[in-house]
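Novice: Structure in structure tokens, see below.
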Amino acid sequence: MTIQSEKWREDFPILHQVVNDEPLVYLDNAATSQKPTAVLDALEAYYRTSNANVHRGVHTLAERATTQYENARETVRRFINANETAEVLFTRGTTTGLNWLSQSLGEAVVEPGDEIVISYMEHHSNIIPWQQLAKRKQATLKYIELTEDGQLDMDDARKQITDKTKIVSLTHVSNVLGVVNPIREIAALVHDKGGVMVVDGAQAAPHMPVDVQALDADFYAFSGHKMLAPTGIGVLYGKRKWLDRIEPVEFGGEMIDFVGLEDSTWKELPWKFEAGTPNMAGAIGLAKAIDYLESIGMREIMDHEQEIVDYVMPKLEQIEGLTIFGPKDPKDRTGVIAFNIDGVHPHDVATAMDMEGVAVRAGHHCAQPLMNYLSQPATARASFYLYNTLADADKFVEALIATKEFFSYGLN
């Protein structure tokens, strides 16, 4: 697997550069991933040969663009095992999908006094839309507690999810703690109470096999840019029974069937929700990214990242003064590792590591409630992907030790 990752790395031109006189080690994949040549070439080919607006045109370029765009939808359907392409909606990203749901689904199922349940580990994109819905509908927003090692507390989940719960929205994988939540088990709890299960899959879809039917998620949202695809393209999967029931929240061209002076009607699924000119190039790039990922195999990618985590976690635990957030057992986490060095601000850690050529992120990671829950103002975060190697993990540890020693010397 390690040898294979060196081969995969060759497909990513941006990785072959020097930063601050050091070879680049890119460990900010939870924020955005790099793009392989195959995706870059697909984008250029589209703009060079097929660029036209989709669906309405009958000329050759329009028909060619439409075919590629709708083929991309089928590629996504297969990738997540949706039942039909009508259940695959193209969005700008996970945030857009969750906002659509807080408005459309929220309007359809939430009444005053109802409950919406999320957890303390959620990204802001899976908190703020539900906050706004709760305010708008005079509903109650509830949070599931975490265990001591940062996993979802299932005992508390069973307490929080009640007969009043209309929507439960949880991340599949935490962008800070790296834990994988038991979505299928939670979905069973939610459905037993008559609620709707929404999943933020932004940190899962790029890194592991996702089968929305096996998970029994009612909705599943993810972003292309975290899985080798361009920015500005994402997916919202929804079960047809729900997509037929809820209304769109964006209106204009493309999504209409008939427009009169006083009223309008909508197209059939999935176009009912996709107002305006879509991101054709982004969808085509997403399909090519999926082709690339599937050529490797999602289970192989997951196993490769697990190999890196198994390798690097014992080394990190030997560094005195280093706090790692989330499970200590490598088997209980993905390649997202949030950490702090005692007495050193995370932004200083990230800046110092950048001088070593290692790109990590620092801040609250759009998870301020989680930071408050952990009693931390911020953390640094390394996140691995398929093109990272054990050599990258070694360089990460070396840069971390050098950073700690530099600041320890300054403090002394």
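Novice: Going down the list LYS142/LYS328; LYS331/LYS404; LYS288/LYS404; LYS35/LYS315; LYS226/LYS395, which pairs span over 31 Å between their C-alpha atoms?
Specialist: From the list (LYS142/LYS328; LYS331/LYS404; LYS288/LYS404; LYS35/LYS315; LYS226/LYS395), the Cα-Cα distance tops 31 Å for LYS288/LYS404.
Novice: I would also like to ask the following. Which value at 222 nm does the chain reach when only helices count, each DSSP H run of 4 or more adding -39,500 (n - 2.57), with the total divided by all residues and rounded to the nearest 500 deg cm²/dmol? Mind dumping the intermediate values first?
Specialist: Details: 14 runs with 170 residues, N = 412.
Computed ellipticity for the chain at 222 nm equals -13000 deg cm²/dmol.
Novice: Something else: If R0 is 41 Å, what FRET efficiency do you get for LEU15 and ASP263 from their C-beta distance, rounded to 0.05?
Specialist: That gives a FRET efficiency of 0.15.
Novice: If you take the beta carbon distance between ARG48 and ALA214 as r and set R0 to 30 Å, what does 1/(1 + (r/R0)^6) give as a FRET efficiency, to the nearest 0.05?
Specialist: 0.15
Novice: At 0.36 nm per residue, and after removing the present C-alpha to C-alpha distance, how many nm does the segment from THR231 to THR323 gain when stretched out fully?
Specialist: Length gained, THR231 through THR323: 29.9 nm.
Novice: Could I have the simple spin-label model distance between ARG56 and ASP332, label points 7 Å from Cα toward Cβ, reported in nm to one decimal?
Specialist: 5.5 nm
Novice: Ignoring ligands, DNA and RNA, what percent of the accessible area of the chain is carbon or sulfur (1.4 Å)?
Specialist: Using a 1.4 Å probe with all protein chains present, the chain comes out at 50 percent carbon and sulfur.
Novice: Starting from the coordinates of the alpha-carbon atoms of the range 52-295, obtain the Kirkwood hydrodynamic radius over all distinct pairs and give the value in Å to one decimal.
Specialist: Working: mean 1/r = 0.0543 Å⁻¹.
Averaging 1/r across every pair of different Cα atoms and inverting gives 18.4 Å.
Novice: Please turn the phi angles of the range 265-278 into ³J(HN,Hα) values with the Karplus equation 6.51 cos²θ - 1.76 cosθ + 1.60 (θ = phi - 60°), one per residue in order, whole Hz, x for glycine and proline.
Specialist: Values per residue, Gly and Pro as x: 10, 9, 5, 6, 5, x, 6, 3, 9, 9, 6, x, 5, x Hz.
Novice: Under a GNM of the chain (C-alpha, springs under 10 Å), which listed residue has the highest mean-square fluctuation: GLY106, GLY343, GLY357?
Specialist: Ranking GLY106, GLY343, GLY357 by mean-square fluctuation puts GLY343 first.
Novice: From the phi angles alone, apply the Karplus equation (6.51, -1.76, 1.60; θ = phi - 60°) to the range 28-45 and give each ³J(HN,Hα) in whole Hz, x where the residue is Gly or Pro.
Specialist: 10, 6, 5, 7, 7, 9, 7, 10, x, 4, 4, 6, 4, 5, 5, 5, 5, 4
Novice: Among THR32, THR171, THR60, whose mean-square fluctuation peaks in a Gaussian network model of the chain (Cα, cutoff 10 Å)?
Specialist: THR60
Novice: So how far apart, in nm, are the two label points at LEU390 and ARG136 if each is 7 Å from Cα heading toward Cβ?
Specialist: 5.2 nm
Novice: Further, regarding this structure: Using a 1.4 angstrom probe, figure out how much accessible area the chain has per residue, in square angstrom, rounded to the nearest whole. Walk me through the numbers before you get to the answer.
Specialist: On the way: 17050 Å² over 412 residues.
Roughly 41 Å² per residue, with all protein chains present.
Novice: What lysines sit close enough to LYS137 to cross-link, taking a C-alpha to C-alpha distance under 26 Å and skipping anything fewer than 8 places away on the same chain?
Specialist: Of all the lysines, those that pass the test against LYS137 - Cα under 26 Å, at least 8 places apart if same chain - are LYS159, LYS164, LYS166, LYS193, LYS239, LYS241, LYS272.
Novice: Any idea what the relative contact order of the chain is, in percent, if you count C-alpha pairs under 8 Å spaced at least 6 apart?
Specialist: 23 percent
Novice: Would you please give the FRET efficiency between GLU74 and THR32, computed as 1/(1 + (r/R0)^6) with r the Cβ-Cβ distance and R0 = 25 Å, to the nearest 0.05?
Specialist: It comes out at approximately 0.50.
Novice: For TYR409 and GLN368 in the same chain, what is the full-extension length gain: residue separation times 0.36 nm, less their Cα-Cα distance, in nm?
Specialist: Contour length minus Cα-Cα distance gives 11.7 nm.
The values are calculated or read from the model by the stated rules, or taken from the named source; none is laboratory data. The model shown is predicted, which means the values in this text are computed figures rather than measured ones. Cβ: placed from backbone, ideal geometry, glycine included. Neighbour counts: every protein chain shown. Side chains are part of the model used for accessible areas, which takes the heavy atoms of the whole protein and leaves out ligands, DNA and RNA. Shrake-Rupley method; radii C 1.70, N 1.55, O 1.52, S 1.80 Å.
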